[in-house]
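The values are calculated or read from the model by the stated rules, or taken from the named source; none is laboratory data. Bear in mind that the values here come from a model prediction, so they are computed numbers and not experimental data. Here the Cβ is made from the backbone with ideal geometry for all residues, glycine too, and neighbour counts use every protein chain on show. Note: accessible area is taken over every heavy atom of the protein model, side chains too, but ligands, DNA and RNA are not part of it. Shrake-Rupley method; radii C 1.70, N 1.55, O 1.52, S 1.80 Å.
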Amino acid sequence: MIKRIQTGIPGLDAITKGGIPEKDLILLSGPSGMGKTIMGLQFLYASKDRGIFISFEEPLTQIISVGSEFGWDFEKSDRLRLLRYDPFKIEDIFEVIENNIKELGAHRIVIDSISALGIYIKDLGELRRTILQISTMLRKSDCTSLLISDIPDSKKLSR
């Protein structure tokens, strides 16, 4: 039987039969404005586990502001860490993530947004290799991870 962990998101744990598989990697994708970042923040904040939120796009002040709208105080939490990472320096992202996981003893990771890497890594093969390396590293860390990916809203593109 697969061990599941609760997400803390009302309704989601019920429809996923108790939560998401522990130590699994979940891809959460959709158009901008659909609540993916909020879901990732709630996945971290609603848990008693230690967790890390890594932003490739939004400044940490924006992430903290979004959280505060829901009563989540990331600045005062000793079990949660927010990181802003410049995708131009992707070469050492693996070391940064691994070191933060070990230092904090994290069990949950959210990366927002993995699609931002495509802006900086133009070669499709290299982009896929980088995402695969991140996925492999997260699986080896024994963390339950959410990778957030933006997809274009076809209605907005056709206007």
Could you give the Stokes-Einstein D for region 8-159 in µm² per second, using the C-alpha Kirkwood radius, 37 °C, 0.692 mPa s? 205
Of every hundred units of 1.4 Å-probe accessible area on the chain, the number belonging to carbon and sulfur atoms, as a percent, is 53
Over the chain, with a Gaussian network built from C-alpha contacts below 10 Å, which listed residue (Phe43, Phe94, Phe53) shows the highest mean-square fluctuation? Phe94
Entries in Lys23/Lys122; Lys48/Lys76; Lys3/Lys48; Lys36/Lys102 that, when Cα-Cα distance is taken, lie over 24 Å: Lys23/Lys122; Lys36/Lys102
At R0 = 25 Å, FRET efficiency that the Cβ-Cβ distance of Thr61 and Ile119 yields, to 0.05: 0.75
At q = 0.27 Å⁻¹, base-10 log of I(q)/I(0) for region 1-76 (Debye sum, equal scatterers on each alpha carbon): -1.50
With every protein chain in place, what's the accessible area of Phe88 (1.4 Å probe, Å², nearest 10)? 140
In this structure, the FRET efficiency calculated for Asp86 and Asp142 from their beta-carbon separation, with R0 = 25 Å, to the nearest 0.05, is 0.40
So if I place +1 on the C-beta of Lys and Arg and -1 on the C-beta of Asp and Glu, and nothing else carries charge, what would the dipole magnitude of region 1-129 be about its Cα centre? I want it in debye, nearest 20. 480
By accessible area (1.4 Å), largest first, Met137, Met1 order as Met1, Met137
Accessible area expressed per residue, the chain, with surrounding protein chains retained (probe 1.4 Å, Å²): 58
List the DSSP H helices in the chain whose Cα atoms stretch 15 Å or more along the helix axis and whose mean Kyte-Doolittle hydropathy is at least 0.0. 93-104
